[in-house]
Amino acid sequence: MLEKKKMLKLLVAFLLPFIALTANAGQYKVSEKLQNGDLMINGMAWRPAKACTHISKGDSVTFKEGNQNGHCVSATIFKDKDSKPCQLWCDI
């Protein structure tokens, strides 16, 4: 019984950092909103298909469609705690 408890503690200690790292997976910060409306997310410039006035510098966003690394034609993001989508062009 003692061995099981030790093994469980070791397993939890090993997995805890990975759980913390993946808790915010898929969330990205808007690092900049350029004068022309383009958004800098994940080190890349994204051009909104229509004005995304509800998204600002510093906002946390989640990619629901498309690829956060720009390997797509279009993407859809949502500001956290907001149901209004923002359509983006990936290849600008």
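The values are calculated or read from the model by the stated rules, or taken from the named source; none is laboratory data. Since this is a predicted model, take the numbers as computed values, not measurements. Positions of Cβ are generated from backbone atoms using ideal geometry, with glycine treated the same way; all protein chains shown enter the neighbour counts.
Within segment 73-92, the residues that satisfy the criterion of being assigned to a strand (DSSP E or B) and of a type in the set (S, T, N, Q) are SER74, THR76, GLN87. Hey, can you tell me all the residues within segment 45-80 that are closer than 14 Å to TYR28 by Cα, touching a Gly at 6+ places or on another chain (Cβ under 7 Å) and surrounded by fewer than 17 Cβ atoms within 10 Å (Cβ to Cβ)? Correct list: THR62, THR76.
Every residue in segment 41-72 that is in a loop (DSSP other than H, G, I, E, B), touching a residue at least 40 places away in the same chain (Cβ under 8 Å) and among the hydrophobic types (A, V, I, L, M, F, W, C), please. Lay out the reasoning, then the answer.
Residues of segment 41-72 that are in a loop (DSSP other than H, G, I, E, B), as a first pass: 42-43, 49-59, 66-72.
After this cut, where a residue has to be touching a residue at least 40 places away in the same chain (Cβ under 8 Å) as well, the list is 49, 68.
Within segment 41-72, ALA49 is the sole residue that qualifies.
Among the conditions (1) of a type outside the set (Gly, Ala, Ser); (2) touching a Ser or Thr at 6+ places or on another chain (Cβ under 9 Å); (3) at pLDDT below 80, GLN87 misses just one, which is (3). For segment 14-34, the criterion of a residue being more than 20 Å from ASP82 (Cβ to Cβ) and at pLDDT 90 or above is satisfied by at least one position.
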